[in-house]
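For reference, the structure is listed below as structure tokens.
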Amino acid sequence: MSTFMLAWELGGGLGHSVPLSQIARHLLGGDHAVHAVLRDLSTAGAAFGDLLAHPRLTLWQAPVWLSVLRGLPESATYAELLFRAGFLDARRLHGVATGWRSLLEALRPDLILADHAPTLLLASRGLDVRRATIGTGFFQPPAVSPIPSFRVWDPIEPARVAQSEARALGTANAVLAALGAPALDRLGDLLAVDENFLLTWREVDHFASRSADPSVRYWGPLPTAVHGVDPPWPSGESPRVFAYLKGDYGAIEPLVAALSKALWRTCAFIPGLSPELARRHASNRLALSSGPVNMERVCAEADAVLCNAGSGTVCTVLRAGLPVVMLPMHAEQLLFARRVAETGAGLVLTEAEARQKGVAAVKRVLQEPGYREAAQRLSQRYAAEGDRDIAREVAVRCMELAGNRP
């Protein structure tokens, strides 16, 4: 039996805890012990479900940086993302890293599986433990020097990239010195692990430079959960559009208003939408679901999808050959959405554009066949993934790394 630490340090939402839970299920089925170290334990019920009662699964609170730093420019590089996680203050970051070290010494895992956990990677440097990273690629940038800026739509000066990287590297090495661990030669060495599980497709990797390297392995996106209610489509014969949007999206009110008057039928799941807004725009063209919707049914019945560019949702509908209109809410989603748009399978709009042209964009992907054709090309390319259990494949590789074959 091996011991696995599945860790999530930075970021928010179920997009981090659900993939770890899918892999944990297979590890537990192999009679191994799993320690899930989570940034937000309140997601554990939704993510792990019945596994919470498993005798070989233990939950832990992840050591995290809590301070909110003011006055920093909008992040443009991996180093600048790390600034917001403490990589500007070696003394205080040392405390977080020591918390991770304490967990590592207490749990003595055979393998660490890290989802956006840079301080864990720092704290585990030099220890006798196998390490792997997992994610859709944005928080696993190419381990080159310097790590490239991700704001390709707003290029920054090379001097800023170099200065930010040098600052984060200096902080990291000060912490490593305090821990008695070997220094990093470059910041990209923080990401040097035994396996990097890229849960995406080559065509939509956030970093185009990496996707051009044929030696890079893409494991493919994990499937989204199919549980949920059947989509409550409005009655009629017009096309059907599924909308999955966040209630705090800046353009949500004009979008809901426009969808309620659109010529097609829309089923929408909008967590966080105010009841007053829902009442104001009640319509026989728009049906609001009270809970998550069964995505298997959506993929079989919808003609197009409108969403905030979460990679799980987008890859699920592209695998089904559906065109998508993407309304990203932050840099990660924008970079991903731009890569999807480059395939021809969808459109990406800024918040300002969504206010004015959101419904027009949906109309376009419904009426212009090129978008569906591009989505269907991706669907055909990755059709075999429907027969793969990617979470199991990842778990098997983790067991191999830990020294135990299933």
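Quick note: the coordinates plus some simple rules give every number you see, no bench work behind them. Since the structure is predicted, the reported quantities are computational estimates derived from the model, not experimental observations. Don't worry about glycine lacking a Cβ; one is built from the backbone with ideal geometry, like all the others, and counts go over all protein chains shown.
Structural size metrics of the range 1-143, computed from C-alpha coordinates, are Rg and Dmax of 15.1, 49 Å.
Report the local net charge at C299: Lys and Arg +1, Asp and Glu -1, summed over other residues whose C-beta lies under 15 Å from its C-beta. That works out to -1.
Arranged from fewest to most other beta-carbon atoms within 10 Å of their beta carbon, H16, H281 become H281, H16. Which of M295, Y382, V359 sits farthest toward the positive end of the charge dipole of the range 281-389, with +1 on the Cβ of Lys and Arg and -1 on the Cβ of Asp and Glu? After comparing all options, I get V359. Counting every other Cβ atom within 10 Å of each residue's Cβ, L27, L176 order from fewest to most as L176, L27.
Here, P(r) means the percent of Cα pairs in each 10 Å bin from 0 to the largest distance; for the chain it is 5, 22, 30, 26, 14, 4, 0. For the Cα trace of the range 240-381, dividing Rg by the Kirkwood Rh returns an Rg/Rh value of 0.93.
Magnitude of the charge dipole for the range 219-285, about its Cα centre and with charges confined to Cβ atoms of Lys, Arg (+1) and Asp, Glu (-1), is about 160 debye. In this label model, D154 and A360 are separated by 2.4 nm, measuring between points 7 Å along each Cα→Cβ vector.
In the P(r) worked out for the range 86-241, what percent of Cα pairs fall beyond 25 Å? Here the tail beyond 25 Å accounts for 44 percent of pairs.
Two decimals is fine: what is log10 I(q)/I(0) at q = 0.19 Å⁻¹ for the range 320-377, from a Debye sum with one equal scatterer on every Cα and no solvent? Log10 of I(q)/I(0), two decimals: -0.62.
Summary of the geometry: the range 355-406 and the range 1-56, compared by the centres of their Cα atoms, lie 23 Å apart.
Put in line by how crowded their Cβ is, counting other Cβ atoms within 10 Å and starting with the fewest, V129, V340 read V129, V340.
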